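The values are calculated or read from the model by the stated rules, or taken from the named source; none is laboratory data. Predicted model, so just to flag it, every value in this text is computed and none were measured. With ideal geometry, Cβ positions are generated from the backbone for all residues, glycine too; neighbour counts draw on all protein chains shown.
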Amino acid sequence: MNRLFLLCLNLIVSSHATAAEANAPGDLPTGGEANWAIPRTEYGVPDFQGIWFFGSHTPLQRPRDLGTQATYSSQEVREQEQRIRQNQADQAAPLDPGRGAPEAGAEIRQEADDAFLGHYLEPLITPIMGEYRTSVITDPPDGRVPSIIDGFKDVYALRQELGLKATDGPEGQPLSGRCLIFGAAIPNLTPMMMNPNLQIVQNEGYIVVTTEMIHDARIVRLGKTFRNDGIERWMGDSIGHWDGDTLVVQTKNFRPEQSASRTWMGFRVSEEFEVVEYYSLTSEGTINYRFTVNNPEAYGSSISGERTLTRNPPQGRLYDFECHEGNYSLPAILRGARMKEVRAELGI
């Protein structure tokens, strides 16, 4: 990503900051608007077309200490906002040029000296149907991804069993590092801290959902059945139908490499992994988005969640996310691994 891209992105997000302040705690929108009618396409179905924002500081999973507490009070939200804004201010403060080196062996993160993730993301906690939720996940009741079933192994665990390391070749590296796909099996399933924008385009037989990062386009075939060609696809094979004014999208046959080992990024994927999504327009500027994940091979129960997508302002647009631009880290990682192997063979 270059500086021009980041500048443009910040302009988009600034508009969301204004919207966030307008919806301060204590003045929550419920999604509906008086005298509002669902916009429809020439085919008579709800018109979802436009560019939508799905970023939020609401986590996929609820913090363990909250138990079954599903919502925050307005006071709790204010306190969280204050902490986050103070953290942002601390991160933006000038660095001490005389600061010491990081502790030996400590993890070096992207946020080490410049908090690249999250300090431009607004609103802080996006309301969902008039509530400030403690997690995106609504079921199980604890708001968390269930434990993995004993014995389940995704593609990455199977590779480890074979003695393969992540640095043996590009196939072992994260999909985002290879500029293939970012985040969950379906990107808008989980909160994202960077470029959380998507565009919806539709006609009579298809709906296309394009995510800004990493330029991923899902084609939803309306009124069709799943393909039986045995081919697994990035983001799966999606079919859709209308249930009244709600768009229902069913997706399966995902690539096994889309399995997420870090649960804040998504879910474990297997041959039985399926997702059902529900899109409902609740106002001119909001979509109520619900989903249910089923993977009986990995989890003992289904996982359901709910989010709010907000319409970008008219001047908002998607930007070309050239992930490969200056992407020297992948070859450097593999080159370093080969050098380490050579040094080990030479005993140096």
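Condition check: under 20 Å from PRO46 (Cα atoms), in contact with a helix residue (DSSP H, G or I) (Cβ under 9 Å, 6 or more places away or on another chain) and not β-branched (Val, Ile, Thr). Does ARG178 satisfy that?
Values: under 20 Å from PRO46 (Cα atoms): no; in contact with a helix residue (DSSP H, G or I) (Cβ under 9 Å, 6 or more places away or on another chain): yes; not β-branched (Val, Ile, Thr): yes.
Judged against the criteria, ARG178 is not a match.
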Being loosely packed, with under 15 Cβ neighbours inside 10 Å and touching a Leu at 6+ places or on another chain (Cβ under 9 Å) is the filter here; which residues of region 48-83 pass it? SER74
Can you pull out the residues in region 258-303 that are farther than 18 Å from PHE226 by Cβ, outside any loop (DSSP other than H, G, I, E, B), touching an Asp or Glu at 6+ places or on another chain (Cβ under 8 Å) and of a type outside the set (Phe, Trp, Tyr)? SER280, LEU281, SER283, ASN288, ARG290, ILE303
Restricting to region 109-145, and then to whatever is surrounded by fewer than 16 Cβ atoms within 10 Å (Cβ to Cβ) and modelled with pLDDT of 95 or more, can you tell me which residue is nearest to THR310 (Cα to Cα)? ASP139
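Per-residue answers, yes or no, for (1) modelled with pLDDT under 95; (2) touching a strand residue (DSSP E or B) at 6+ places or on another chain (Cβ under 7 Å):
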| residue | (1), (2) |
| --- | --- |
| SER304 | no, yes |
| LEU318 | yes, yes |
| HIS324 | yes, no |
| ILE333 | yes, no |
| VAL342 | no, no |
Residues in region 193-217 that are assigned to a strand (DSSP E or B), more than 20 Å from GLU322 (Cβ to Cβ) and of a type in the set (D, E, K, R) total 0
